[in-house]
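Comments concern the structure below.
The values are calculated or read from the model by the stated rules, or taken from the named source; none is laboratory data. The structure displayed is predicted, hence computed values, not measured ones. When we count neighbours, we look across all protein chains shown, and the Cβ atoms used for this are built from the backbone with ideal geometry, even at glycine. Please note that ligands, DNA and RNA were not included when accessible areas were found on the heavy atoms of the full protein model with its side chains. Shrake-Rupley method; radii C 1.70, N 1.55, O 1.52, S 1.80 Å.
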Amino acid sequence: NGARHITLAGHYAYIAADAGMVVVDLDDPLNPRHTATLPISDARASAVQFRYLWVTDASGVKLFDVTKLDKPVAIPSGDIPLANAQRLYLARTYAYVAAKEEGLVVVNITNPEDPKIYSKETFGGTMNDAEDVIVGSTNASLFAYVADGVNGMKVLQLTSPDSQPNFYGFSPAPMPELIAWAKTKSPALSLSKGLDR
């Protein structure tokens, strides 16, 4: 009941639902098999990177070890307290969390079990209804696309040769700059990532 977000890892699905985070084995797609339910209050969305599963909920972001994909194990030291975390996107050593009134929260996850909030950006309160975020790169720059609810769509440049002359390396520190925005006819609530090629 209440399924609202799904993340796939291998042949497992992590589904945010009324009961919490529901884990389903899809090895036989016509006969899905329930393997676990993580009792999370108001599970909203999730993302997987390597052997870690991050889940947004009523209290922020929770971390789980999914070395065994069918049986996630909670890692309380990796929890990130936020007032209203919605969707999140993982890009190398940073997690980008759409956090409603807190805007875009950037978290350093270099050590996933000891995350550090790197920055919170609302651009002077003009991005205060962040619902969803997707991160992508174009040439030498990194961008975040934010569905900012009643404020519409926002495009943030996270890295660029102009603002960060020495931004080279595997995962340069992001410096969000608001470079474009558009009002939408109705609240911007979610995004869809294009096909990677």
Flag for SER77 being loosely packed, with under 15 Cβ neighbours inside 10 Å and among the polar types (S, T, N, Q): yes
Residue count for the range 146-176, restricted to those that are at pLDDT below 95 and open to solvent by 50 Å² or more (accessible area, probe 1.4 Å): 8
Criterion violated by LEU104 - all others in (1) touching a residue at least 60 places away in the same chain (Cβ under 8 Å); (2) surrounded by 23 or more Cβ atoms within 10 Å (Cβ to Cβ); (3) over 15 Å from the mean Cα position of the chain (by Cα) satisfied: (3)
1 or more residues under 26 Å from THR93 (Cβ atoms), within 12 Å of the chain's Cα centre (by Cα) and at pLDDT 95 or above: qualifying strands (runs of 3 or more DSSP E) within the range 29-80: 45-49, 52-57, 60-65
Filter pass, SER141 being surrounded by 12 or more Cβ atoms within 10 Å (Cβ to Cβ) and over 28 Å from PRO76 (Cβ atoms): yes
Selection from the range 43-54 of residues that are more than 14 Å from ILE109 (Cα to Cα), open to solvent by less than 20 Å² (accessible area, probe 1.4 Å) and out of contact with any Gly (no Cβ under 9 Å at 6 or more places or on another chain): ALA45, SER46
Tabulated pairs, the range 67-83, first closer than 17 Å to PRO39 by Cα, second open to solvent by 90 Å² or more (accessible area, probe 1.4 Å), C-beta under 7 angstrom, 6+ apart or interchain: none
Failed item, numbered, when ASP57 is tested on (1) open to solvent by less than 40 Å² (accessible area, probe 1.4 Å); (2) over 28 Å from ALA173 (Cβ atoms); (3) out of contact with any strand residue (DSSP E or B) (no Cβ under 8 Å at 6 or more places or on another chain): (2)
